[in-house]
Amino acid sequence: TRRDAPESSLTNLTFQNNDCRNTALYPNGSHRPCFMISGAGGAQYLNNTCTNTGGLASIHTESYYSDGLDVNASANITVDGLHLISQAVSPAIQIGKHAENFTLRNITVERVSDGHCMEFATPLRGFSLDGALFSDCGKMGIQQMNLDPSGVHDDETLTLRNIAIHSAGADLPSEGLRFRAPMKGLVLDNFLVNGATSHGMGFDAGIEDSTLSNLTISNVAGHGIHLGGKTRNVNLTQTDVSHAGDDCIFLGQDVDATVDHQQTSLTHLTLVDCAGRGIATAETGLVVRNLEIRDNTIDGVDGDGIGVVLTGSLSENVELTHNAVSDFGRRADGQI
């Protein structure tokens, strides 16, 4: 579904209870999506299934005629009940930037042999993914793909809720959830990652004005949660991290040597059996202001229970209260 000309419109469409199977490659070897939603508005896609489609992207929201500047590329769209099985390559779901008031619900993705289960670009306005099960993702579980540092993020509202990412077979995602560009206005709630060859969740370039709650991360090879870049006004709470191959929670940095973490709270976390430290900051290049670490339980980590390193005269106001730390600093042989 797409506009046939820049001035045309496509509205009030309902596409429901369809089953697409075993679509062929184009003669040049390229793939085509199972569903393309481009430049549409006011449409609903309900309870549709795509099996062995090999789609380049099962959902692509950016307007066919847009150069990325049209904020109404696809608006007021609901996709409720979409089941993608055995996607050959590329992301099973791709959301282009400037989608507005776009809702995804009750999504399942199984077996993406050589790609991400979901990929999206920002900025997005009023985007919500509520209810998703992703398994056997060949690369990332969910990845934010754009890297334009000049992008305007002030108008973003992005909600990811009730999502599980795990392996049901041989494939493990390299990261469960990865944000490659700065994020603002993120609500992350009831999110599970079980199994990844790197971090459970990674924020490469900063996060601002966001709430991360009710997260469960286990059996990952890297950090449980890696908060890189500038972190400002972020609340991470009610979260369990276990069996990470590095620190349970790590506040790091990106290429900006003056990166800072401000107005950030880490509260009511349960951090267990990580091969690194429980909660830690990078040891160089950080300015830490108004960091609250409170009411956390840390048990069985190989390094420090809590390791916060303040560098330079600009760091101030770090509060550590009511944290229970036990069985930390173990040697490689498991002894204290």
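Could you check the range 187-203 and list, in sequence order, the residues that are crowded, with 20+ Cβ neighbours inside 10 Å and in contact with an Asp or Glu (Cβ under 8 Å, 6 or more places away or on another chain)?
A196, H199, G200, M201, G202, listed by residue number.
Yes/no per residue for (1) at pLDDT 80 or above; (2) under 23 Å from D246 (Cβ atoms); (3) of a type outside the set (D, E, K, R); (4) in contact with a His (Cβ under 7 Å, 6 or more places away or on another chain):
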residue	(1), (2), (3), (4)
N106	yes, no, yes, no
E110	yes, no, no, no
S113	no, no, yes, no
S135	yes, no, yes, yes
G185	yes, no, yes, no
D189	yes, no, no, no
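Is there any pair linking a residue in the range 138-149 that is open to solvent by 50 Å² or more (accessible area, probe 1.4 Å) to one that is modelled with pLDDT of 80 or more, with Cβ under 6 Å and at least six apart or on different chains, and which?
Filtered contacts from the range 138-149: K139/H116; K139/S174; M145/E119; M145/A121; L147/R180; L147/A181.
Would you kindly identify the strands (runs of 3 or more DSSP E) lying entirely within the range 93-147 that contain at least 2 residues that are of a type in the set (D, E) and over 14 Å from the mean Cα position of the chain (by Cα)?
Filter on the range 93-147 gives 99-114.
Residues that are open to solvent by 20 Å² or more (accessible area, probe 1.4 Å) and at negative phi: list the strands (runs of 3 or more DSSP E) wholly contained in the range 268-312 that include at least 1 such residues.
The strands (runs of 3 or more DSSP E) meeting that bar are 287-294, 297-301.
The values are calculated or read from the model by the stated rules, or taken from the named source; none is laboratory data. Just so we're clear, the structure is a prediction, and the values are computed from it rather than from any experiment. All Cβ positions, glycine included, derive from the backbone under ideal geometry; neighbour counts span all protein chains shown. Side chains are part of the model used for accessible areas, which takes the heavy atoms of the whole protein and leaves out ligands, DNA and RNA. Shrake-Rupley method; radii C 1.70, N 1.55, O 1.52, S 1.80 Å.
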